[in-house]
Amino acid sequence: MAAASRRSRLPSRVTSRRKRMPFKSPFTLVLVVLTASRCFADDDHEMEEFLKREFSLTKPYQGVGSFGSSHWELMGDAMVTTEQVRLTADMQSRQGAVWSRIPCHLKDWEMQVHFKVHGQGKKNLNGDGLAIWYTKERMQKGPVFGNMDNFTGLGVFVDTYPNEEKHLERIFPFILAMVGNGSISYDHERDGRPTELGGCNAMVRNLKHDTFLFIRYIRRRLTVMIDIDGQHEWRDCLDIPGVRLPRGYYFGATAITGDLSDNHDIVSLKLYQLTVLRSKKEEEEEEEEEITIPSVDNMELLRSGDGEEGMSSIALFFTVLFSMLGCIFLLIIGLVVYSHWSESRRKRFY
Ligand SMILES: *[C@@H]1O[C@H](CO)[C@@H](O)[C@H](O)[C@H]1NC(C)=O
Ligand SMILES: *[C@@H]1O[C@H](CO)[C@@H](O)[C@H](O)[C@H]1NC(C)=O
Ligand SMILES: [Ca+2]
């Protein structure tokens, strides 16, 4: 379709890996593929990246929001200016979205999101956040950062408001990823914790410098990184293998405000096609089991980990409480026994 061009701005991790990956012969390639088992599987493959213009949204956003040539469609309160696509303005009860019109059939890809969240509200008096999507559905309004609930596919949320008051250990804004299969609901009151794949905190509001979010999907491994400190360095946010996403879904970005608000801006979305070398065996395996419903391997493990974490602080509290009570109890028993003993000793002596 559109002409592909080499990317200019690479996360440092990828750049360094590329340099030391020249496969000299098919033999070394096979060797590397064989030895590079699980942990390093995704990093030790040579990669090429091409910007796919038809899935990218960049200045000057030509034709976006009008019928006709644009590959992107606006919805709700979203509007285009010369500087950004503003999903919502800093006003109450807004919903806005921008959706790709073309389904994406790429196997391995990388989405670089240049975004901006800013507003008048003081910390925790702003909301609710924005989301980046790769889903079967498109152009649906709803409660999940402006998209429908029970979506099918991947959502990466920049959640700027803590709805659940209890999680003291979690600092907001918080970036969180979720995979839906059409019947999994996003729990807004709990900031999506029951269904999260993982995430990280990210102080992205009201910054002078540019902020980026980076979503990479290679060989069923989902990696989210952020560059928000103005240092042009990517920081890991989450990295999860065994994420099964069907091909032919749509990219989109949405945002929502409620009682609290913010400007939620997309400066650019850049999608890169990744050309990843696969062994014959891998190719065959992937051909055999075409993914039709999104899912995540070992989701129970991810969840139980979270459960234990939640338990542990309560468990710790009770452990400390009961050991203190136990100590006091033992002390009293000890004192009673001692006084009895010394009394009886006195009686024996006199
Ligand atoms: C979606 O995921 C839930 C929870 O993992 C599961 O119970 C349900 O069967 C899945 N639905 C489909 C259509 O696969
Ligand atoms: C989402 O799915 C859940 C569980 O399958 C269901 O109870 C709920 O009504 C659904 N919500 C919507 C908006 O479809
Ligand atoms: Ca929230």
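The values are calculated or read from the model by the stated rules, or taken from the named source; none is laboratory data. Everything numeric in this text was worked out from a predicted model, so none of it was measured. Heads up, the Cβs are rebuilt from the backbone with ideal geometry, glycines too, and the neighbour counts pull from every protein chain shown.
Take Gly155 and tell me if it is assigned by TED's automatic domain parsing to the domain that holds Val204, part of a strand (DSSP E or B) and within 16 Å of ligand 2 (Cβ to nearest atom).
yes
Please find, within segment 279-297, the residue that is modelled with the highest pLDDT out of those that are surrounded by 14 or more Cβ atoms within 10 Å (Cβ to Cβ) and over 15 Å from Arg247 (Cβ atoms).
By that ranking, first place goes to Val296.
Could you list, in sequence order, all residues of segment 45-56 that are buried (at least 18 other Cβ atoms within 10 Å of the Cβ) and modelled with pLDDT under 95?
Across segment 45-56, the qualifying residues are His45, Met47, Glu49.
Suppose the filter is in the same structural domain as Lys122 (by TED's automatic domain parsing), of a type in the set (Ser, Thr, Tyr) and closer than 29 Å to Asn124 by Cβ; does Tyr186 pass it?
So Tyr186 fits the description; yes.
Please give the number of the condition Asp191 fails out of (1) touching a residue at least 60 places away in the same chain (Cβ under 8 Å); (2) charged (D, E, K, R); (3) buried (at least 21 other Cβ atoms within 10 Å of the Cβ).
So the condition that Asp191 fails would be (1).
Look at Gly199 and say whether it is more than 28 Å from Met47 (Cα to Cα) and assigned by TED's automatic domain parsing to the domain that holds Glu290.
It is false that Gly199 is more than 28 Å from Met47 (Cα to Cα) and assigned by TED's automatic domain parsing to the domain that holds Glu290.
If we keep just the residues of segment 145-203 that are hydroxyl-bearing (Ser, Thr, Tyr) and within 12 Å of ligand 3 (Cβ to nearest atom), which is nearest to Ile266 (Cα to Cα)?
Thr160
Quick check on segment 298-307. Is at least one of its residues at pLDDT 85 or above, surrounded by 11 or more Cβ atoms within 10 Å (Cβ to Cβ) and away from ligand 2 (no atom under 16 Å from the Cβ)?
yes
Looking at this structure, is Leu271 at pLDDT below 95, touching a Leu at 6+ places or on another chain (Cβ under 9 Å), farther than 21 Å from Ala202 by Cα and of a type in the set (A, V, I, L, M, F, W, C)?
Considered against the rule, which asks whether it is at pLDDT below 95, touching a Leu at 6+ places or on another chain (Cβ under 9 Å), farther than 21 Å from Ala202 by Cα and of a type in the set (A, V, I, L, M, F, W, C), Leu271 comes out as no.
For segment 173-196, indicate whether the set of residues that are among the hydrophobic types (A, V, I, L, M, F, W, C), part of a strand (DSSP E or B) and within 16 Å of ligand 2 (Cβ to nearest atom) is non-empty.
The answer is yes, given that some residue of segment 173-196 is among the hydrophobic types (A, V, I, L, M, F, W, C), part of a strand (DSSP E or B) and within 16 Å of ligand 2 (Cβ to nearest atom).
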